[in-house]
Amino acid sequence: MVALIGSLLIGLGECGAACALSLRHYGDPHWPWMLMVASAGKAVISHVVVWCPLFALLGVAVGWGLRRRAVHAPEAIFGAVFMLLAAWVIAPCDLTLAERYSGGKAVMLGVAGTLLAAAWFGAVWWWTRRRGRRFPLRVLRVAGGAALVATLVLFVVFVRSPMFDPGAFRVAAGRAVASPAGQPNVLWIVMDTVRRDHTSLGGYDRKTTPHLDEFAQRALVFDHAVANGMWTLPNHAAMFSGLPLRAHGTDFPHPRLDARFATVAETLRDHGYATAAFSNNPWVAPATDVTRGFDTKRILYHLRHINRTSIGWMLDRLGWAPPLPWFDEDFGGAMTNALVADWVDNHARRDQPMFVFVNYMDAHLPYRVPRRYRAEFLAPPQVRRSYELSLSAYGRIVDALDRRFNFEDSTFLPESDREVLRGQYDAGIRYVDDRVDELIDMFRQRGLLDDTLVVICSDHGEYLGQHGQWAHRMQVYQDVLNVVIALRPPGGVEGARVETPVQLADLYGTVIGATVGTNGAPLAVDGKDPTLRVWPARDLFAVAAEPMDTQRIAVSEYGGDSKENLDRIRESGNPELQQRAVPQVAAQDGRYKLIVSADGRQELYDLRADPGEQHNLMTEFPSEAERLGAYLAEWHTRVPQYTPPAGEPAPGMDVDVIRALKSLGYLGDE
């Protein structure tokens with residue numbers, strides 16, 4: 001009984017703290033109450049299934065002591081032990097999950113819990129031994145009965161939520177609704193960190209994207225789609241503004257899209273659209289202003305706190321495969337679709353079109369994906385090893401890969417573990433593919449799909465050990481630059497592959513052209529001066545309707561990493577590593593690619609013959625290098641470098657956002 005009451009109280013406290021932490025950054029005043037209740041159910045049930053059996057064993061020992069008259073006041077013992085567990089075991093885990101752990105805080109909580117346990121033990125002992133009164137068992141039974149009822153109610157809500165079994169959860173079918181006449185809806189999906197050559201749509205030998213393959217039969221697929229930058233923020237700024245990195249300036253050390261650049265969401269909102277963004281990436285958030293124009297902004301990365309428990313963290317720390325489905329977590333995909341469905345059902349009945357943007361992070365480090373998906377690409381021993389790699393094998397896997405592997409020495413990671421991590425990454429893509437299909441089916445079930453423009457893309461790829469790197473952000477190789485772009489206009493289209501090089505920034509022109517139209521006028525950059533547009537953010541439907549444009553050249557930029565990481569690279573003394581700190585720009589025409597580094601180094605690759613970019617052809621094909629180099633020189637002249645106006649305050653971020661970015665490897669520890 002004590003264990004049940006204690007599990008309920010600790011679970012509610014754990015959930016309350018997680019909700020307080022999450023909802024500060026949720027970005028929407030309409031809180032997800034049912035998910036919060038389900039979170040409480042998950043925390044409570046997790047503690048019940050662990051502590052109740054252990055306390056039952058403790059009860060056997062105490063009962064034996066009672067028979068021998070060696071134990072008095074068992075309630076004092078049970079209560080004190082639970083308080084000590086909460087103070088010395090559960091609280092440090094919760095601090096770690098909240099990224100607020102320090103030895104001082106842990107000791108303070110432990111001491112406070114110990115004093116409370118001693119006070120409880122002393123009070124009950126005095127009551128039963130000195131006063132000669134029994135502990136009021138009736139009160140305990142009433143409290144236990146109430147705890148049991150509350151636990152059962154929470155369990156019912158929890159089982160029906162996406163938290164119970166994320167891998168198996170699917171959004172319930174909704175009622176058909178009528179789309180408003182005129183402008184189409186827009187569903188824009190970003191599969192964060194998905195490199196194109198690891199999708200079966202892109203020719204990968206593993207079936208990682210079967211639903212995307214099927215989607216392509218009624219869509220346009222761009223086989224030479226290239227990212228403008230190397231990581232999430234500059235690429236989302238490019239997609240939403242239609243500008244290259246050089247022109248919008250959103251990168252380190254200015255991680256913000258300045259207000260002078262109009263976003264696609266602002267434009268659609270001003271033309272009557274209901275706009276909503278569901279982002280699992282903390283960079284795609286109000287803190288960086290790339291979500292400007294979305295009436296609803298739900299930043300789900302922080303909401304993941306309500307889906308984490310101290311028991312689950314302990315399993316991760318031990319490297320154990322989750323014994324129960326709710327410990328086998330995703331990176332937010334299931335919860336995201338549940339929230340999108342709820343928003344669509346509440347807005348689709350209004351007489352206005354919708355613009356729904358969704359960012360999935362399940363293929364991003366730490367590659368957290370349910371076991372059934374890992375088992376598609378990994379043998380059973382590898383599946384077990386994949387859980388050990390999360391926290392127990394090399395410490396936190398993000399730190400091990402995105403910092404130690406990239407900035408110190410990669411030899412610590414054997415090839416066998418690299419294969420496991422690549423399998424996890426492929427499993428993450430497979431999981432995102434299911435979530436994307438569920439989202440599209442959600443629109444189909446509600447009768448909205450035939451009136452909806454569907455945009456599916458990835459924002460960048462992942463090195464996975466190629467070019468001596470893991471993760472992304474540094475240098476301009478195809479492992480990170482080659483992305484997915486697939487478009488389905490309202491009603492669908494006969495599936496086709498397009499060879500013309502295109503870029504993520506072109507999606508701006510595509511969405512604007514398909515919704516509000518341009519009537520042949522230039523697309524405005526800031527709503528005031530359309531002459532500022534220096535890069536033609538083309539409508540990709542128009543590109544697909546034309547013969548392959550052999551003259552179009554895509555340009556990608558790497559301006560450098562965070563200051564902490566760049567300092568770390570420069571101080572390493574390793575020339576190969578130091579090269580990664582040098583800004584680069586790349587130009588590619590679908591076959592040849594020229595990379596020009598700020599220190600004067602140049603590389604030329606034939607992407608058809610050498611997709612892995614292993615053989616520098618500068619001496620073999622100087623004419624190709626000269627042609628692409630001349631284009632880059634002209635491009636730099638035509639595209640002025642944007643510099644934030646002097647006197648503007650530096651972009652500021654909440655401490656919780658900074659912690660989130662550090663946990664994903666984007667910022668150093670300093």
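The values are calculated or read from the model by the stated rules, or taken from the named source; none is laboratory data. This structure is a prediction, so every number in the text was calculated from the model and none was measured. FYI the Cβ positions are ideal-geometry reconstructions off the backbone, even for glycines, and counts take in every protein chain you see.
For the range 576-609, the tally of residues that are exposed (fewer than 14 other Cβ atoms within 10 Å of the Cβ) and among the charged types (D, E, K, R) stands at 4.
Answer with yes or no whether Gly491 is in the same structural domain as Val358 (by TED's automatic domain parsing) and more than 15 Å from Val226 (Cα to Cα). In short, yes.
When the criteria are applied in full, Leu566 meets the requirement of being at pLDDT below 95, buried (at least 16 other Cβ atoms within 10 Å of the Cβ) and touching a helix residue (DSSP H, G or I) at 6+ places or on another chain (Cβ under 8 Å). Could you tell me which numbered condition Val264 fails, if it satisfies all but one of (1) aliphatic (A, V, I, L, M); (2) surrounded by fewer than 24 Cβ atoms within 10 Å (Cβ to Cβ); (3) over 17 Å from Val194 (Cβ atoms)? Here Val264 meets the rest and fails (2).
Can you tell me which residue in the range 411-465 is modelled with the lowest pLDDT, limited to those that are part of a helix (DSSP H, G or I) and among the β-branched types (Val, Ile, Thr)? Filtering first and then ranking leaves Thr411. Residues of the range 566-582 that are more than 19 Å from Asn616 (Cβ to Cβ) and not charged (D, E, K, R): Leu566, Ile569, Ser572, Gly573, Asn574, Ala581. The helices (runs of 4 or more DSSP H) found wholly in the range 253-337 and carrying at least 1 residues that are modelled with pLDDT under 95 and in contact with a Lys or Arg (Cβ under 8 Å, 6 or more places away or on another chain) occupy 300-303.
Residue-wise test of (1) within 11 Å of Ala486 (Cβ to Cβ); (2) not hydrophobic (A, V, I, L, M, F, W, C).
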position: Pro180; (1), (2): no, yes
position: Val186; (1), (2): no, no
position: Ile189; (1), (2): yes, no
position: Val194; (1), (2): no, no
position: Gly203; (1), (2): no, yes
position: Arg206; (1), (2): no, yes
position: Pro210; (1), (2): no, yes
position: Ala216; (1), (2): yes, no
position: Leu220; (1), (2): yes, no
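Among residues that are free of Cβ contacts under 8 Å to residues at least 60 places away in the same chain and surrounded by fewer than 24 Cβ atoms within 10 Å (Cβ to Cβ), Asp328 is not included. Among the residues of this structure, Gly272 does not count as one that is of a type in the set (Gly, Ala, Ser) and touching a Phe, Trp or Tyr at 6+ places or on another chain (Cβ under 8 Å). Of all residues in the range 168-223, those satisfying the criterion of being of a type in the set (S, T, N, Q) and part of a loop (DSSP other than H, G, I, E, B) are Ser179, Gln183, Thr193, Thr199, Thr208, Thr209. For the range 377-395, taking the residues that are surrounded by fewer than 17 Cβ atoms within 10 Å (Cβ to Cβ) and without any contact (Cβ under 8 Å) to a residue 60 or more places away in the chain, the one that is nearest to Arg317 (Cα to Cα) is identified as Gly395. Of all residues in the range 539-552, those satisfying the criterion of being in contact with a helix residue (DSSP H, G or I) (Cβ under 9 Å, 6 or more places away or on another chain) and either surrounded by fewer than 20 Cβ atoms within 10 Å (Cβ to Cβ) or hydroxyl-bearing (Ser, Thr, Tyr) (or both) are Phe541, Ala542, Asp549, Arg552. Scan the range 220-231 and give yes if some residue there is more than 13 Å from Leu504 (Cα to Cα), surrounded by fewer than 24 Cβ atoms within 10 Å (Cβ to Cβ) and free of Cβ contacts under 8 Å to residues at least 60 places away in the same chain, otherwise no. So far as the range 220-231 goes, no, none of its residues is more than 13 Å from Leu504 (Cα to Cα), surrounded by fewer than 24 Cβ atoms within 10 Å (Cβ to Cβ) and free of Cβ contacts under 8 Å to residues at least 60 places away in the same chain. Within the range 521-537, at least one residue is loosely packed, with under 13 Cβ neighbours inside 10 Å, farther than 24 Å from Leu201 by Cα, among the charged types (D, E, K, R) and modelled with pLDDT under 80. Across the range 188-195, a minimum of one residue is classified as acidic (Asp, Glu) and either crowded, with 21+ Cβ neighbours inside 10 Å or at pLDDT below 95 (or both).
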